[in-house]
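Each remark here refers to the structure printed beneath this line.
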Number of protein chains: 2
Amino acid sequence: MTVTRKSPTIQDVAREAGVSTATVSRALSTPDRVSQATRERIEAAIAATGYTLNQAARSLRRQRAGTIVMAIPNAGNPYYSSILDSVLAEASSRGYGVLVSNRVQGDPTVWLRDYFQSSRADGLLLFDLTLDIASMRRFMTEHGNLPIVVVGDEMVEPGINLVTSDNREATGRAVEHLVGLGHRNIGFVTGPTMHDYPNERLLGFRQAMGRNGLPLREDWIIPGDHRMDSGYRAGSAFLTLAERPTAMVCANDEMAIGFISRVQQAGLRCPQDVSVIGFDDTDMAQYVSPPLTTMRQKRAELGAISTAALLDIVEGMRDPAKPVRIILRCDLVVRSSTAPLPGAAEAPAPRLRR
Amino acid sequence: MTVTRKSPTIQDVAREAGVSTATVSRALSTPDRVSQATRERIEAAIAATGYTLNQAARSLRRQRAGTIVMAIPNAGNPYYSSILDSVLAEASSRGYGVLVSNRVQGDPTVWLRDYFQSSRADGLLLFDLTLDIASMRRFMTEHGNLPIVVVGDEMVEPGINLVTSDNREATGRAVEHLVGLGHRNIGFVTGPTMHDYPNERLLGFRQAMGRNGLPLREDWIIPGDHRMDSGYRAGSAFLTLAERPTAMVCANDEMAIGFISRVQQAGLRCPQDVSVIGFDDTDMAQYVSPPLTTMRQKRAELGAISTAALLDIVEGMRDPAKPVRIILRCDLVVRSSTAPLPGAAEAPAPRLRR
DNA sequence: CGGCCGCATGTAATCGATTGCATTTATCCG
DNA sequence: CGGATAAATGCAATCGATTACATGCGGCCG
């Protein structure tokens, strides 16, 4: 029969087990406050009735939702997909649901209100730092001191929970990879300046160039916005340079791919004519041609670690006075878009015009 | 003061507006059952107190969560990201949250239980048909007749709500695009056979080949699993063929990209030596080299339409006796990975070795 | 043996919004 | 003008789980 069978409630379990609902509830939430024997009877009753607890009722009573919000700027960007993957895995293994919130616009507090004031969610995993973080923090503090963990971006502001990558340091290692191949004339394609982490990458580039005693030419620093076609346009800009670098560091993979595709169009070869290194190691990087050398961000770890940290805070398992601050190291992944400078190794030869 | 200020409740609004909570509730849910004047007073009171309703309480009382579940096989696959995007947009515009559920394994009912029996969610958007759909339907029927909408896959089973693309027909058009370019020897790289839609694509290929009187050679039908490296391996298989097709239809873009990258490695040029057409038009397709000709699935529409349909059912705005069945047409997107067969048009010339 | 302590469990109030039913008020018609 | 009808609103029970407080029970110590 397809009659709508009502879900069993805690009452049904209590009746079945011959105890009060209070005891059943305790057996579920604080098992050590219930005697061994009763606990077993209750477990049997739960199995017999097929009971699962009603989240809405628990949330209402506990004033806690069992859900976190993951706010991302653009779910359409594949960069987030593997992060989403790991966030979901971590959250669901701890019994939490994940509400994904995409492309928030305007005043973030009106949107926070929807989720948090109405107790739909207990914490925020924030990937989008174009938002006004100060007002968000104020809002969250005023509404039950709900925690925020910022992921994947740098934050000057103190006291914020942060999980990110070592963007500056990793970009330095990208430069040094090129230096190790004999390159001295190295350019850079920047990311959008409204985020901090692309600026960190640029800073890392500048510092590494200085550290290695290399020429830092401003006309070799080409602005981009992380999208593929800005890399493509950067390629056009590169082609018009009177004197060109022999290697480029791109602030992310998409731009590196766009860049390469533009210079290939113009008949240049990568890596023979120009070495290119990207950043992130997105899924695409290994399949473009040539396969891209890049600094890998540990995206799965970013998701898992930040989620774990957020839930620890939500559950009060962490001293709120000590904000989380975790910086993951990126890994250099060498593929085929970088190669030794032709004729290097013995003497830094003058650049050849083909 | 950073003291935790309690969220205003419907009581506060009622007091402020000088009415009962019942009236406030009605003003929110069924505004036409409340007089103009009172409604305005209540709206003012809501603004004054900063009230937002407590979802947990509403869910508990209404036995409805205000949330849907989106079940996908692999959030790490960028194919889903733009769908996710549109699902989120549609759901949130109607006041619903979206819980994303990734990579369900094993018996789906134990996982359904978590979400649905505990009234965490009101409906299911199902993208993953490797699951046992019959038992899922039974479960959902037994628990308050919760609706399922299957997205992006074919379903033989009748009575199921379905939103998908015209995979078979579109693959036929892909073949005819190649035929129009003069190709007669056409191969195919298949998708994983445990889903229905890749089989539909294969079937569409076979039918179109027959319809156009073209040779259908089984050794030109190369198995793949939709992942990029299976396309790469298909490229290797292609290279070992004694006699090769002049064009390939790949069951999705990833495999087309993998395929092209493999044959390019072997020194073949695309499209001069072999034309390749993909399926889906993922974000990557336009940026690889050569930019990929492909059949575009309207992914944003898939997400938006299926979500709208699901919510219509949830809200009882649709006759449950008439299941949804929407098939979206794919669009041919011509880029540079397909080209006229050299020497075609006048006479089907024998293939040239470079 | 009496009193005290602590463990296990029960009682009942509570979280905040919804809604069936009752009540009041306004409207209309003969 | 009386009474019937409809519209607006209020009253209070309810959804299901949690938890402060109360109770009962056994054991231990002086």
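If you take the residues in the range A:59-83 that are facing chain B (nearest Cβ under 8 Å) and assigned to a helix (DSSP H, G or I), which one is farthest from B:N77 (Cα to Cα)? Among those that are facing chain B (nearest Cβ under 8 Å) and assigned to a helix (DSSP H, G or I), it is A:L60.
Evaluated against (1) facing chain B (nearest Cβ under 8 Å); (2) at negative phi, A:L129 falls short on exactly one condition, (1). Is at least one residue of the range B:214-234 aliphatic (A, V, I, L, M), surrounded by 21 or more Cβ atoms within 10 Å (Cβ to Cβ), out of contact with any Leu (no Cβ under 7 Å at 6 or more places or on another chain) and part of a helix (DSSP H, G or I)? Yes: one or more hits. Residues that are more than 27 Å from A:V314 (Cβ to Cβ), within 16 Å of DNA strand C (Cβ to nearest atom) and either of a type in the set (A, V, I, L, M, F, W, C) or touching a Leu at 6+ places or on another chain (Cβ under 6 Å) (or both) within the range A:26-77 comprise A:A37, A:A44, A:A45, listed in sequence order. Within the range B:20-46, residues that are outside any helix (DSSP H, G or I) have Cβ atoms under 7 Å from residues that are within 12 Å of DNA strand C (Cβ to nearest atom) in these pairs: B:S20/B:A14; B:V34/B:T23; B:V34/B:R26; B:V34/B:A27, counting only partners at least 6 apart in sequence or on another chain.
Taking the listed residues A:R61, A:R94, A:R33, the one that is among the basic types (K, R), away from DNA strand D (no atom under 13 Å from the Cβ), over 23 Å from B:L88 (Cα atoms) and surrounded by fewer than 17 Cβ atoms within 10 Å (Cβ to Cβ) is A:R94, with no other qualifying. Does B:V150 qualify as being more than 11 Å from every other protein chain (Cβ to nearest Cβ) and within 30 Å of B:A256 (Cα to Cα)? So B:V150 fits the description; yes.
For (1) within 28 Å of B:V288 (Cα to Cα); (2) within 14 Å of another protein chain (Cβ to nearest Cβ), each residue gets a yes or a no:
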position	(1), (2)
A:L202	yes, no
A:F205	yes, no
A:A208	no, no
A:N212	no, no
A:R217	no, no
A:I221	yes, no
A:R227	yes, yes
A:S230	yes, yes
A:R233	yes, yes
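Checked against (1) closer than 20 Å to A:A56 by Cα; (2) buried (at least 19 other Cβ atoms within 10 Å of the Cβ); (3) more than 10 Å from DNA strand D (Cβ to nearest atom), B:L28 passes all but a single condition, namely (2).
Looking across the range B:90-122, the residues that are in contact with a strand residue (DSSP E or B) (Cβ under 7 Å, 6 or more places away or on another chain), at pLDDT 80 or above and either among the hydrophobic types (A, V, I, L, M, F, W, C) or assigned to a loop (DSSP other than H, G, I, E, B) (or both) come down to B:A91, B:Y96, B:V98, B:L99, B:V100, B:R120, B:A121, B:D122.
Checking A:Y51, A:Y79, A:Y115 one by one, the residue that is in contact (Cβ under 8 Å) with a residue 40 or more places away in the chain and either within 16 Å of DNA strand D (Cβ to nearest atom) or of a type in the set (S, T, N, Q) (or both) is A:Y51 and no other.
Is the range A:153-168 home to any residue that is modelled with pLDDT of 85 or more, in contact with a Cys (Cβ under 7 Å, 6 or more places away or on another chain), crowded, with 22+ Cβ neighbours inside 10 Å and not in a helix (DSSP H, G or I)? For the range A:153-168, residues modelled with pLDDT of 85 or more, in contact with a Cys (Cβ under 7 Å, 6 or more places away or on another chain), crowded, with 22+ Cβ neighbours inside 10 Å and not in a helix (DSSP H, G or I): present. Determine, yes or no, whether A:L53 is facing chain B (nearest Cβ under 9 Å), assigned to a helix (DSSP H, G or I) and over 28 Å from A:M228 (Cα atoms). So A:L53 fails the test. Of the residues making up the range B:14-25, those that are touching a helix residue (DSSP H, G or I) at 6+ places or on another chain (Cβ under 8 Å) and either among the small types (G, A, S) or away from DNA strand D (no atom under 11 Å from the Cβ) (or both) are B:A14, B:E16, B:A17, B:G18, B:S20, B:S25.
Could we say that B:S7 is more than 16 Å from DNA strand C (Cβ to nearest atom) and over 19 Å from A:L88 (Cβ atoms) here? No.
Rundown of residues vs (1) closer than 25 Å to B:L125 by Cβ; (2) in contact with a Lys or Arg (Cβ under 9 Å, 6 or more places away or on another chain); (3) of a type in the set (K, R), yes/no style:
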{"site": "B:L146", "(1), (2), (3)": "yes, no, no"}
{"site": "B:N161", "(1), (2), (3)": "yes, yes, no"}
{"site": "B:G182", "(1), (2), (3)": "no, no, no"}
{"site": "B:G191", "(1), (2), (3)": "yes, yes, no"}
{"site": "B:R201", "(1), (2), (3)": "yes, yes, yes"}
{"site": "B:L216", "(1), (2), (3)": "no, yes, no"}
{"site": "B:I222", "(1), (2), (3)": "no, yes, no"}
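Of the strands (runs of 3 or more DSSP E) lying entirely inside the range B:285-341, those containing at least 2 residues that are of a type in the set (S, T, N, Q) span B:293-296.
Among the residues of the range A:109-123, none qualifies, meaning not one is closer than 27 Å to B:S7 by Cβ, more than 11 Å from chain B (Cβ to nearest Cβ) and of a type in the set (F, W, Y). Candidates in the range A:169-199 are the residues that are modelled with pLDDT of 95 or more, charged (D, E, K, R) and outside any loop (DSSP other than H, G, I, E, B); of these, the one that is nearest to the chain's Cα centre (by Cα) is A:E169. Scanning the range A:10-25 for residues that are within 10 Å of DNA strand C (Cβ to nearest atom) and more than 14 Å from chain B (Cβ to nearest Cβ) yields A:A14, A:A17, A:G18, A:V19, A:S20, A:T21, A:A22, A:T23, A:V24, A:S25. For the range B:253-265, the criterion of a residue being assigned to a loop (DSSP other than H, G, I, E, B) and either of a type in the set (G, A, S) or away from chain A (no Cβ under 13 Å) (or both) is satisfied by no position. Among the residues of the range B:132-147 satisfying the criterion of being in a helix (DSSP H, G or I) and under 19 Å from B:N102 (Cβ atoms), which is nearest to the other protein chains (Cβ to nearest Cβ)? Among those that are in a helix (DSSP H, G or I) and under 19 Å from B:N102 (Cβ atoms), it is B:M136.
Can you give me the number of residues within the range B:253-307 that are at pLDDT below 95 and of a type in the set (G, A, S)? Total meeting the criteria: 7. Given the structure, is B:S86 touching a residue at least 60 places away in the same chain (Cβ under 8 Å), in a helix (DSSP H, G or I) and either of a type in the set (S, T, Y) or surrounded by fewer than 18 Cβ atoms within 10 Å (Cβ to Cβ) (or both)? Yes; evaluated as a whole, the condition is true for this residue.
The values are calculated or read from the model by the stated rules, or taken from the named source; none is laboratory data. All of these numbers come straight from a predicted model, not from anything done at the bench. Here Cβ is always computed from backbone atoms with ideal geometry, including for glycine, and neighbour counts include all displayed protein chains.
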